[in-house]
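A.B. asks: One structure is given below, represented as structure tokens, and several questions about it will come after.
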Amino acid sequence: MNLGALALLVFDERCTLPAGVPDVSGTPAQLLALLELACVHRLEHLLDAPDAVIVIVRVDCRHCAPVAPCAEIHITGWIERNADTEAVVHVHAQDSREQVCEGRIHVAIMRRSDVATAIDRKRHAQLRHELFAPRDA
């Protein structure tokens, strides 16, 4: 990963919340997905290795206001390097009236093969657990 570029990486983009989102009193889950997508999109071009992939490992967000379906969201943020393979993305999201969410998204750079191995191990562990799970009579 090109860590020298991280010190200067700030982003500012607009996107629209998808239609079909239920009108709820809190921030919809789709907003969190948009924030995660913005983080991954901004970091992808910094990956040096062809087998590298960005993995979101932790999300700390505070929802400040509800978001209407199809609202345009303004996402701003900056990226802080934690270690050679880790970073924290600080994000703010607002609609046309107010801030709706702020938080930190922790990311790790991993080899795609390591992620695939971890997923396979988990899948096999779940299958083994199902073999020994009690059956309903």
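Derivation of every value follows stated rules applied to the coordinates shown; laboratory data play no part. As the structure is a prediction and not an experimental result, all values here were calculated from the model. Note that we place each Cβ from the backbone using ideal geometry, even for glycine, and neighbour counts take in every protein chain shown.
A.B. asks: Residue by residue through the stretch 89-102, what is 3J(HN,Hα) from phi via Karplus (6.51 cos²θ - 1.76 cosθ + 1.60, θ = phi - 60°)? Round to whole Hz and write x for glycine and proline.
C.D. replies: 9, 8, 10, 9, 10, 9, 9, 6, 10, 7, 6, 10, 7, 9
A.B. asks: Calculate one ³J(HN,Hα) per residue across the stretch 112-122 by plugging θ = phi - 60° into the Karplus curve 6.51 cos²θ - 1.76 cosθ + 1.60, and present them in order as whole Hz with x for glycine and proline.
C.D. replies: Going residue by residue, I get 4, 5, 5, 5, 4, 5, 5, 5, 4, 4, 5 Hz, with x marking Gly and Pro.
A.B. asks: Here is a further query. Using the 10 angstrom Cβ neighbour count as an exposure proxy, how do His124, His90 rank, fewest first?
C.D. replies: By the 10 Å Cβ count, ascending: His124, His90.
A.B. asks: From the C-alpha coordinates alone, can you work out the Kirkwood hydrodynamic radius of the stretch 30-137, in Å?
C.D. replies: Its Kirkwood hydrodynamic radius stands at 16.2 Å.
A.B. asks: In the stretch 94-119, whose amide N lies under 17 Å from the spot 7 Å out along Cα-to-Cβ of Phe11? List them in ranges.
C.D. replies: So the set is 94, 101-110.
A.B. asks: Whose amide H sits under 5 Å from the amide H of Cys64, counting only residues 5 or more places off or on another chain, with H placed in the peptide plane?
C.D. replies: Cys101, Glu102
A.B. asks: Could I ask something else about it? Amide H of Ala71: which non-local residues (sequence gap of 5 or more, or other chain) have their own amide H closer than 5 Å, using H built in the peptide plane?
C.D. replies: Leu17
A.B. asks: Taking 41 Å as R0, compute the FRET efficiency from the Cβ-Cβ separation of Asp51 and Glu98 and round it to 0.05.
C.D. replies: So, using R0 = 41 Å, E works out to roughly 0.45.
A.B. asks: May I ask you to evaluate 6.51 cos²θ - 1.76 cosθ + 1.60, the Karplus curve with θ = phi - 60°, for each residue of the stretch 51-66 and list the ³J(HN,Hα) values in order in whole Hz, giving x for glycine and proline?
C.D. replies: 8, 7, 9, 8, 10, 7, 9, 6, 10, 10, 10, 10, 7, 9, 7, x
A.B. asks: Let me ask something else about it. Order of Glu98, Glu36 from fewest to most other C-beta atoms within 10 Å?
C.D. replies: Exposure proxy ranking, most exposed first: Glu98, Glu36.
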